[in-house]
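Quick notes on the structure that follows.
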């Protein structure tokens, strides 16, 4: 087999600097949300017509439903319907790729197996969560320098629960390992960084049905809409929809795209159905300790890949004639070539200014059914109008087969301090 020299593969800067975020913007958001809550609460308290009357009627219906649908021996419904919760949050999404690529270079044909683990590092954020009975919304402001969005919306009742999480973040760290499959030889195995961080946006929607909803409540441990008075458990039927978009289609990451079988963006979609069990343990008055496990099977998996081509070859070789200028509209060098080959004696220490990438095709396919897991643990303590809680939620998703696979682990943990109004 002929040996080709790697030249521009995974060129990385020593550090990537992001502009500092304005923390006052986050504080203004939190203060505005608190003022809106107090304003709506005041509207509900006053008799009137129009919007105020409708808000009051809606609140009364929620109050009535909240009291009637629970067994008072097991669950207490607080008189004060509003909750304001300050939260610190730690979250992380790790993404692993496995991709087999076949090369046909002149007279040599061989294949490689590329394994990559994208690590976003631990995200730290603070936020405000507000709710009325079983309804609530939270916004989290990241403390680290990487920009992103983190919003959650939830609704719970005696027999059901649902929550939505929207999160965007940037990955800059990568662990990459490449093996020749014939012969079985490791080409490289190291940690590195991207020139341009890649973007990952995820949307998570989960809904569940509680069979023993009169005596058991997930909300007692996770948003304190009610208080669990006696230990109880229940079977749970759950459904999850998860969508994620991965964008690494930046020209500075051209070598990464090449070794990912020319894939620059990936869109993932999954719908799962599962049966699980949750239990609330009440060791003492005011305390609730929850554990929930729900294995589930995917009903629908869809992966869409957008492929890109590059005007530079990822391998060095015999230098050809002068390429001239690159035409970004026609995707061709001045000498008629599409891919510029780097000479064996040339040393590249930075990304070429005229490097370019462009879309060259899209492929979509539904993948095989896979096993997924939803784990949750929480603890809460309530006294008078106040409460504290901590919880951890873990999700694991798989896409694709053994040679082209995406493995996602999405988890977060929170610590909360709240008051009832």
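Throughout, read-outs are computed from the coordinates displayed, never taken from laboratory work. In this text, all values refer to a predicted model and were calculated from it rather than measured experimentally. Ideal geometry is used to build each Cβ from the backbone, glycine not excepted, and the neighbour counts take in all protein chains shown.
Summarising the label geometry, the points placed 7 Å from Cα in the beta-carbon direction at residue 279 and residue 384 lie 3.4 nm from one another. Projecting label points 7 angstrom from Cα along Cα→Cβ for residue 302 and residue 88 puts them 4.2 nm apart. Between residue 329 and residue 354, full extension at 0.36 nm per residue minus the direct alpha carbon distance yields a gain of 7.7 nm.
Packing here is the average count of other Cβ atoms within 10 Å per residue, and on that basis the peptides 212-218, 122-128, 305-311, highest first, run 212-218, 305-311, 122-128. Once the C-beta distance of residue 392 and residue 73 is scaled by a Förster radius of 45 Å, the resulting FRET efficiency is 0.95 to the nearest 0.05.
From least to most packed, judged by other beta carbons within 10 angstrom and beginning with the fewest, 279, 141 follow the order 279, 141.
Stretching residue 151 away from residue 369 to a fully extended chain increases their span by 75.6 nm, per 0.36 nm per residue minus the current alpha-carbon distance.
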